[in-house]
1. Going through the stretch 314-346 one residue at a time, which ones are of a type in the set (D, E, K, R) and exposed (fewer than 15 other Cβ atoms within 10 Å of the Cβ)?
2. Of the conditions (1) in contact (Cβ under 8 Å) with a residue 24 or more places away in the chain; (2) closer than 27 Å to V170 by Cβ; (3) open to solvent by 60 Å² or more (accessible area, probe 1.4 Å); (4) not in a strand (DSSP E or B), K21 clears all except one; give me its number.
3. Output the residues belonging to the stretch 109-137 that are touching a Lys or Arg at 6+ places or on another chain (Cβ under 9 Å), open to solvent by less than 70 Å² (accessible area, probe 1.4 Å), not in a loop (DSSP other than H, G, I, E, B) and not hydroxyl-bearing (S, T, Y).
4. Looking only at the stretch 363-376, how many residues end up being in a helix (DSSP H, G or I) and either surrounded by 15 or more Cβ atoms within 10 Å (Cβ to Cβ) or not hydroxyl-bearing (S, T, Y) (or both)?
5. Condition first: assigned to a strand (DSSP E or B) and open to solvent by 70 Å² or more (accessible area, probe 1.4 Å). Can you find one or more residues in the stretch 190-212 that meet it?
6. Quick check on R238: is it modelled with pLDDT of 95 or more, open to solvent by 30 Å² or more (accessible area, probe 1.4 Å) and part of a loop (DSSP other than H, G, I, E, B)?
7. Can you tell me which of (1) over 14 Å from K107 (Cα atoms); (2) within 40 Å of the chain's Cα centre (by Cα); (3) open to solvent by less than 20 Å² (accessible area, probe 1.4 Å); (4) not hydroxyl-bearing (S, T, Y) is the one I84 doesn't meet?
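The values are calculated or read from the model by the stated rules, or taken from the named source; none is laboratory data. Being a predicted model, the structure only gives us computed values, none of them experimental. Counting neighbours? That spans all protein chains shown, and the Cβs are built from the backbone with ideal geometry, glycine included. Side chains are part of the model used for accessible areas, which takes the heavy atoms of the whole protein and leaves out ligands, DNA and RNA. Shrake-Rupley method; radii C 1.70, N 1.55, O 1.52, S 1.80 Å.
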Amino acid sequence: MISVDTAIKIVEDTVTPLPVKTIHFENALGLCLAQDVQSDIDMPPFNRSAMDGYAVIADDTTHAPVELTVIEDIAAGHMPTKRISRGQASKIMTGAAVPEGADAVVKFEETEDLSVNHRVKILRPIDRGRNISSRGEDMQVGQTVLCKGMTIRPQEIGILATTGKSRIEVFSAPTVGIISTGDELVEVGLQPSIAQIRNSNGYSLSSQARRMHAEVELLGIVKDTKEEISAMMQRGFRKDILILSGGVSMGEYDLVGDVMKDMNTHIYFEKVALRPGKPVIFGKKDATFIFALPGNPVASFVTFELFIYPAIRKMMGFTSVHRTTFKASLETEILVKRKRREYRPAFLRMQDNTWIVSPVEWHGSADLLATTRANCLLIVREDAEKLAAGQLVDVIPLD
């Protein structure tokens, strides 16, 4: 049995990024950029008004209130046709190009419209440069505006649109197959008998993977026989990652590990000093990475976050592959029963500018309902004997 840290490092060192592909930028949300992006334009492309108002020469307003002659109306999308001289102003809309000669924009609220006489009264002085966005102050031609390795979020999509990059290179997202094992499992639409349960793991695991933008296929439920498990795994070897839940413990019908060995799978580890989730197997068959997780739903949830989450991130080309861990003040005492690293469902909140964390009540690794009251995992280190109220502990936010 190996430590959690060792197991995580094995996964991180073993998995490699997937190939780069070229896609339309609208389909890139959540993916990892595989190229630097340079701007082909200045932004703004001209000195731009930041307000609806009047473009003026600032020195004309020194002794405001003062009246100026309005020589032009400038709407966004139209270039000015007249230069501003002393004693003149142009009415201008937000986003429009500032006319030559003007060096400030007075917003409408600080003016009085005298349009009957093509005049405007400026009610107070304005500083030179006020309410004008200078050409190129946001980005300039040739500037690297996005870097390889960045997560493509809505704001990056906007930059790609701004710079005309309709086709971009990204790292591929992995394909993931999910198999649920167990004679006791039935599908969601069926009424389970007294000895059966519905297949929750397949759907919670697929949701965890889809949230990371992986391409997921639920391969289905298999009975606890070597033949069925083997046949379904053969289908899964078309995927980059194959996840199995259940059948990895020490019982008579826990056959997944045996099937993996019979198929000459390279096994990197089989047990981790972890709670919940000790019986977790990581291996590789041909080009497919295999994660065999415990059948208890909280254990499968936790082991996904610890091992599959960084694997997917690494495959997608990201250099930061783990969830963020930070310190929070423990609200209630915790007595440690086992010398294994524990990841407990907990609730994290901000109080008086301090992060406070409280374990949620849970009844062990089968109690999936408890995780719906949690927004983080509270880490109990294997060398701890007791965690006192007020002590700083490590937490992993999940939301």
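1. The answer is K327, E333, K337, R338, K339.
2. The number of the failed condition is (4).
3. E110, L114, V120, I132
4. Narrowing the stretch 363-376 to residues in a helix (DSSP H, G or I): 368-373.
Narrowing the set further to residues that are either surrounded by 15 or more Cβ atoms within 10 Å (Cβ to Cβ) or not hydroxyl-bearing (S, T, Y) (or both) leaves 368-371, 373.
Adding up the residues that qualify gives 5.
5. At the first step, the residues of the stretch 190-212 found to be assigned to a strand (DSSP E or B) are 197-198.
Cutting the leftovers down to open to solvent by 70 Å² or more (accessible area, probe 1.4 Å) gives us 197-198.
The answer is yes; a qualifying residue exists.
6. yes
7. With (1) over 14 Å from K107 (Cα atoms); (2) within 40 Å of the chain's Cα centre (by Cα); (3) open to solvent by less than 20 Å² (accessible area, probe 1.4 Å); (4) not hydroxyl-bearing (S, T, Y) applied to I84, the lone miss is (2).
Every residue, every condition in (1) modelled with pLDDT under 95; (2) not in a strand (DSSP E or B), yes or no:
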{"position": "K337", "(1), (2)": "yes, yes"}
{"position": "E342", "(1), (2)": "yes, no"}
{"position": "W355", "(1), (2)": "no, no"}
{"position": "E361", "(1), (2)": "yes, yes"}
{"position": "E382", "(1), (2)": "yes, yes"}
{"position": "V395", "(1), (2)": "no, no"}
